[in-house]
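The structure under discussion appears below in the form of structure tokens.
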Amino acid sequence: EKATRRLLVLSIYHLLLIVSTNRTKKEEEEEQTPRTSRRKAMTTWSSPRAMVNAASTRTASSSFKSWKSRATTKTTTMTATRRRSVGTTNDDDRRLDCRHRHRHRTRASADGNAANNMSDVAALDGLINQLLNAHGESDDMLQKVCIENIMAFDQQMWLRMASRIDNVNTDEEKDAITDVMSKCMKIIEATLKKAEETIDQSSEQLQRIISAAADQTTMEFDVPLKADALKRMEAEVKNCTVDEGMLNTAYAWIRKSDEDKLDGMVHILQKFLQLYAARELNKNKAPLDELLGCSNTDDWPVVFQKLVNEGYGEVAFTKELQQRMEEVVLGLTNGSYAQRVQAEYLKEVEERSREYFKQV
């Protein structure tokens, strides 16, 4: 009991301290007087009666201020209530309009998703029907169609084929789709395996070409590459077959080197692409080929001057260059790396020729 009483007394004392502190803060905020004036007031409170009178005056002042603030708050509340009552109809209309638009958007998005799903299913069914028709002709035709659309064989494609098996009515249709699935899996696995082997071979050949650019004594690269290093690289390029796999590997290495801030390696790989483009575009049948076959771009001004001295002007140059661009665009596979590299090489030739002919 004594302990309980002590706790009760302490808690009451703690509450009194809190109340007195809050009152003191409120009084200081209401007075808003400088410290010097407060010090003077404290010195005048020499007697208890003066302190009581000052306290009563302060209490009356604070009570008047609190009443005034309550009256102001009440008036403000009434005004706000009237305004809300006047604007209730407009707010309700706005809320209804927002809800209606939200429902309309939700329905539109749902309809759009359903339409997209239906179009995707229709595209998958079209490809499956194409595979079934090719399977009916021959295995070679099935392999051709499968390889041409190999990027379409994702999870949705296999699930759709399995769904088609469950939904067909006859056993013949089920066996046909099952056989197509099995053969397509084998074709894709064989294609991927061959692609991996090709990438390995391309990597080895590309490493050999890049190694040729290094100094034969120190086996270090001197960037930018000098003429003798370019000749060694050119000899290696002529002795190997540059296919899509090697070009793909070169672009992958360029991206990786660029991310790793290996500017020297990027320069060497770009020189390899220039050597390849120069080899493929040089037909040895027109004066333009003398420039296209020059893989060292530092020697291009000399070749330009030689062509101009021989009477090969800008009009003939531009006409022949345009024909080569058409051959690259129309003759090579659209979107292939070979088309991309050769087109960029011709574009560089075109820009450099414009600058040179302007100077002339």
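The values are calculated or read from the model by the stated rules, or taken from the named source; none is laboratory data. These numbers were taken from a predicted model, which means no experiment stands behind them. So basically every Cβ, Gly included, is an ideal-geometry build from the backbone, and we count neighbours across all protein chains shown. When the accessible area is computed, the model is the full protein with side chains, heavy atoms only, and any ligands, DNA or RNA have been set aside. Shrake-Rupley method; radii C 1.70, N 1.55, O 1.52, S 1.80 Å.
Annotations
- Semi-axes of the equivalent ellipsoid for the stretch 155-240, Cα gyration tensor, largest first, Å: 54, 11, 9
- Judged by the ratio a/c of the largest to the smallest principal axis of the C-alpha gyration tensor, the stretch 313-360 counts as oblate, that ratio being 1.5 or greater while a/b is no larger than b/c.
- Gyration tensor (alpha-carbon) shape descriptor, the stretch 263-360, a/c threshold 1.5: oblate
- Over the stretch 214-308, volume per residue of the alpha carbon convex hull, in Å³: 110 Å³
- Accessible area per residue for the stretch 168-276 is 61 Å², calculated with a 1.4 Å probe on protein heavy atoms, without ligands, DNA or RNA.
- For the residue pairs Lys238/Lys319; Lys183/Lys238; Lys193/Lys261; Lys144/Lys347, the alpha carbons lie more than 30 Å apart in Lys183/Lys238; Lys193/Lys261; Lys144/Lys347.
- Cα gyration tensor, the stretch 109-198 - rounded (a/c under 1.5), prolate or oblate: oblate
- Binning the alpha carbon pair distances of the stretch 156-197 at 5 angstrom intervals from zero yields the distribution 5, 23, 23, 18, 13, 9, 6, 2, 0, expressed in whole percent.
- Per-residue extension of 0.36 nm, minus the Cα-Cα distance of Ile147 and Asp263, leaves a gain of 38.1 nm for this segment.
- Highest-first arrangement of 329-337, 273-281, 286-294, 127-135, where packing means the average Cβ count within 10 Å: 273-281, 286-294, 127-135, 329-337
- Rounded to the nearest whole Hz, the Karplus-based 3J(HN,Hα) values (6.51 cos²θ - 1.76 cosθ + 1.60, θ = phi - 60°) of the stretch 132-140 follow the sequence 5, 5, 5, 5, x, 7, 6, 5, 5, with x at glycine and proline.
- If R0 is taken as 35 Å, the Cβ-Cβ distance between Glu189 and Glu327 corresponds to a FRET efficiency of 0.45.
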